[in-house]
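Since the structure comes first, as C-alpha cells, the remarks are kept for the end.
The values are calculated or read from the model by the stated rules, or taken from the named source; none is laboratory data. Treat the numbers as computed from the prediction; the structure is a model and nothing was measured. With ideal geometry, Cβ positions are generated from the backbone for all residues, glycine too; neighbour counts draw on all protein chains shown.
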Amino acid sequence: MAAFKNAKQLADHRKKVVASRPENRKAIAVCAGTGCKAFGSYKLLDAFKKELKKRKLDRKVELRATGCHGFCERGPLVLFFPEGMLYQRVQVKDVEEIVKQTVVKEKVIDRLLYQDPTTGKKHKKEEDIPFYKHQARLVLKNNGLIDPTSIDDYIRIGGYNSLVKALGMGPEKVLKEVKAAKLRGRGGAGFPAGIKWETCRNTESDKRYVICNADEGDPGAFMDRSVLEGNPHSVVEGMLIGAYAIGADEGYVYVRQEYPLAVERLEIALDAARKQGLLGKNILGSGFGFDIHINRGGGAFVCGEESALIASIEGHRGVPKRRPPYPAVCGLWGKPTNINNVETWANVPPIIDRGAKWFASIGTQGSTGTKIFSLVGKVNNTGLVEVPMGMTLREIVFDIGGGIPGGKKFKAVQTGGPSGGCLPEKKLDVPVDFDTLLREGAMMGSGGMIVMDEDTCMVDLAKYFLRFLKFESCGNCTSCRDGLMRLHELLVDIAAGRGTEATIDLVEELAQVVRDTSLCALGSTAANPVLSTLRYFRDEYEAHVLKKRCPAGVCKELITFRIDPKTCNGCTLCRVRCPQEAVVGKKGQVHKIIQKKCIKCGICKDVCNQDAVIVE
C-alpha cells in the first residue's frame, strides 16, 4: 500500500481496517511477550493455527500474537474475544480441547481459569481477576489486544490519530498541553516532561534531537521491554509528537542488547511507519520531517544516566558528565537533546488524544497519570501492573499482588530498583507517588517493586544491591567508585559477624558521603538500600553485630542448622540429599547434623517434609 500523503488518507484507511475486523468477530489472542515465549507460547500459536485450519475455522476466527498481558506468572495466557475470557497456563495439549469446546461450542474449560489463591474463587473474565481489576491501564491497555508487528492493528485502535491532532494544533499548543498534563518523566527522576521539552525547544540551534531511553538495567524490571514488545508504535507516535513540539528532525531509541524481541518488533514498527509515510520527510503533508534510529547498548547500568547514554551513542565510553549544561541545552553531538524513557513517550499520545485535563485528573496533584511497576519477589501475583499515582503500597501488594505466598508475613517492599529504598510494614499505607516515596527514604525509580517476606535478611539485601552497584559504577568519581566498594566490604563484615557498633556508624556515615558527593545519580542513589534499611531495620544490623545472629536465618556465618528430634520421622531425605554427608541417622530414627561437616547450604531444610530442620 502507498504511503499516506495526508491525514484524510490515513483516516480512510482506518475506516477500511475497522470495517474488515468487526468488534464481534471471534479472536484468540495468545501472549507472545518474552515471559510467555519462554513458557512456549510460540508452539502454542502453531498448534492453534493447525487446529483452526483443520476445522476450517481459520477464516472465521482470528489468531493474534500479542505483547505481554502483564500476568507473567500465569503464562502462557490466552484471551478470547469478544467474551474477554482468559485462560492461564495453557499448554499445547490443551489446544484441541479449547478449539472444540470453547471456540466451537462456547463452553468454558474450568481447569484453565484463574483461581484466586486466597478465596479459591475462579474468574472467567480477565477484567474480574483481582490482578487486573484494581489496575488502571493507559499505557498497557492495548498490549493484549493488538499484534505488535501489525501497523494496521495499531491504526485500527486509533493509532497515529494523536499525531494528526498534534500536527493540527501546532508545536506551541502541543507543548502547552503536555505541560498542563503535568507529565513527569517515568525513568526515575520524575522531572516535568513539558519543562524539559520547552528548554530544548527554546535553546537556539540548527538541529535538535529526541532520544528514547530504553536502557532498562534494574534487576527484575521489565516495564519498558514489555511496552516496546507489545505496542512499539505507541512509543514511535509519542516520539513523533515530541519531536514536532521541540523542533527535532532526528531521534534515537537506545535499547539494551539483551532485549532482542523488543528490538525486533521496534525495527518492524519503524519500517512499517516509514513505508506508510509516518516517518521520513513531509509526514502527512505537514512539512514536518522526522526519523528514528536504533542504538543498542552494551548492558552498562550507568548508561541509563542521560549524559552517559549520549556518550555511548556518540561511540565513547559511557561515563556521566558534570551538569550543567544539561542535555536539553547541550546533548548529543553538542546539540539540544530531549531524553525521556519508553513509558514517558508512550503516555504522550493519550494526553494529546484525550487532553491534559483528563490526564491530570488521574493520580495526585503532584504526580499525575499512572505508573507501571514490575511487581516481583515474595508475592502471589507477579508481573506488570499499571496503577494510578497515589495508590497505596498495601493495595498494590495485597489487592493486586494477592499478598504473600505460603502464609508468610510481609516484611518490606523495595521501590525504585537497586538504588531504591526499603519500606517496612508500617509504611504500607503510604501513597505511591514521586514526592511521598522520596520523603519516606525510597524512590519511584523506573518502576521496580520487590516484595520481601519474613525470611528476608535486610542486611543481606543491602549487601546484594551494593554488590550489583559497585560493579556497575563507571569509576569516574572517587566517592562512588571507592565508596561503594568499601560500603560493600563493611556489610560483608556485618553479615559475617565481624562487625561492631562502630561498623554500623561507619556504614551510615559513609553512605551519606557517597550520596552527597557522587557525580551522577547512580552514586547519589546507590546508598538508598543501606540508608533505608538502617532507618527502618536497624535492629537487624544490631542483631548481627551484638548478638552475632541473623534473625532471618540467611547469613551463613551466623546460623546453625539443627534437626528437631520431636519432629523428625527418620525419612532419610535430608541424609540422602546432603552433599557433605553431614547428616547421620538410620531410616525410622531421629537424624542429626554433624556441625563440623555442615556447609550451611540449606538443602536439608528444603527437602524436609516435616519441617524438622530448624535454623538457629
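Data for the structure
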item	result
Condition met for Thr203 (touching a Lys or Arg at 6+ places or on another chain (Cβ under 7 Å) and among the β-branched types (Val, Ile, Thr))	no
Qualifying residue in the range 598-610 (condition: in a loop (DSSP other than H, G, I, E, B), aliphatic (A, V, I, L, M) and either surrounded by 17 or more Cβ atoms within 10 Å (Cβ to Cβ) or not assigned by TED's automatic domain parsing to the domain that holds Pro418 (or both))	yes
Condition met for Glu501 (more than 23 Å from Phe222 (Cβ to Cβ) and either assigned by TED's automatic domain parsing to the domain that holds Gly185 or surrounded by fewer than 21 Cβ atoms within 10 Å (Cβ to Cβ) (or both))	yes
Residue within the range 149-171 that is crowded, with 22+ Cβ neighbours inside 10 Å, among the basic types (Lys, Arg) and at pLDDT 95 or above present	no
Selection within the range 403-423 - within 18 Å of the chain's Cα centre (by Cα) and either modelled with pLDDT of 90 or more or on the phi > 0 side of the Ramachandran plot (or both)	Val413, Gln414, Thr415, Gly416, Gly417, Gly421, Cys422
First in the range 190-214 and closer than 20 Å to Val236 by Cβ, second anywhere and among the aromatic types (Phe, Trp, Tyr) and in a helix (DSSP H, G or I), Cβ under 7 Å, 6 or more apart	Cys212/Trp345
Positions within the range 529-580 being among the aromatic types (Phe, Trp, Tyr) and modelled with pLDDT of 95 or more, in sequence order	Tyr536, Phe537, Tyr541
Top-ranked residue of the range 553-583 - restricted to ones that are farther than 30 Å from Val492 by Cα and surrounded by 14 or more Cβ atoms within 10 Å (Cβ to Cβ), ranked as nearest to the chain's Cα centre (by Cα)	Leu573
Set Thr503, Thr478: member being closer than 15 Å to Glu540 by Cβ, over 24 Å from the mean Cα position of the chain (by Cα) and hydroxyl-bearing (Ser, Thr, Tyr)	Thr503
Some residue of the range 388-402 being in a strand (DSSP E or B), in contact (Cβ under 8 Å) with a residue 12 or more places away in the chain and surrounded by 24 or more Cβ atoms within 10 Å (Cβ to Cβ)	no
Only one of Leu63, Leu79, Leu113 that is without any contact (Cβ under 8 Å) to a residue 60 or more places away in the chain and within 22 Å of His134 (Cα to Cα)	Leu113
Yes/no for Ala442 being touching a Phe, Trp or Tyr at 6+ places or on another chain (Cβ under 9 Å), crowded, with 24+ Cβ neighbours inside 10 Å and within 25 Å of Leu393 (Cβ to Cβ)	no
Unmet criterion (only one of (1) exposed (fewer than 15 other Cβ atoms within 10 Å of the Cβ); (2) touching a residue at least 24 places away in the same chain (Cβ under 8 Å); (3) part of a loop (DSSP other than H, G, I, E, B)) for Lys586	(2)
Tally of residues being out of contact with any helix residue (DSSP H, G or I) (no Cβ under 7 Å at 6 or more places or on another chain) and of a type in the set (A, V, I, L, M) across the range 301-350	1
Residue in the range 561-577 that is of a type in the set (Val, Ile, Thr) and part of a loop (DSSP other than H, G, I, E, B) present	yes
Odd one out for Thr118 among (1) under 25 Å from Ala38 (Cα atoms); (2) in contact (Cβ under 8 Å) with a residue 24 or more places away in the chain	(1)
Residues being surrounded by 15 or more Cβ atoms within 10 Å (Cβ to Cβ) and either assigned to a helix (DSSP H, G or I) or in contact with a His (Cβ under 6 Å, 6 or more places away or on another chain) (or both) - total across the range 97-114	6
Set Ala262, Ala245, Ala272: member being hydrophobic (A, V, I, L, M, F, W, C), crowded, with 18+ Cβ neighbours inside 10 Å and under 26 Å from Ala38 (Cα atoms)	Ala262
Check on Gly553, small (Gly, Ala, Ser) and in contact with a strand residue (DSSP E or B) (Cβ under 8 Å, 6 or more places away or on another chain)	yes
Leading residue by the ranking (nearest to Val210 (Cα to Cα)) among those in the range 293-310 that are of a type in the set (A, V, I, L, M, F, W, C) and either crowded, with 24+ Cβ neighbours inside 10 Å or modelled with pLDDT under 95 (or both)	Ile310
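Yes/no matrix, rows are residues, columns are (1) in contact with a strand residue (DSSP E or B) (Cβ under 7 Å, 6 or more places away or on another chain); (2) in contact (Cβ under 8 Å) with a residue 40 or more places away in the chain; (3) closer than 18 Å to Gly188 by Cβ:
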{"position": "Phe465", "(1), (2), (3)": "no, yes, yes"}
{"position": "Ser473", "(1), (2), (3)": "no, yes, yes"}
{"position": "Cys477", "(1), (2), (3)": "no, yes, no"}
{"position": "Asp493", "(1), (2), (3)": "no, no, no"}
{"position": "Ala496", "(1), (2), (3)": "no, yes, no"}
{"position": "Ser518", "(1), (2), (3)": "no, yes, yes"}
{"position": "Thr525", "(1), (2), (3)": "no, yes, yes"}
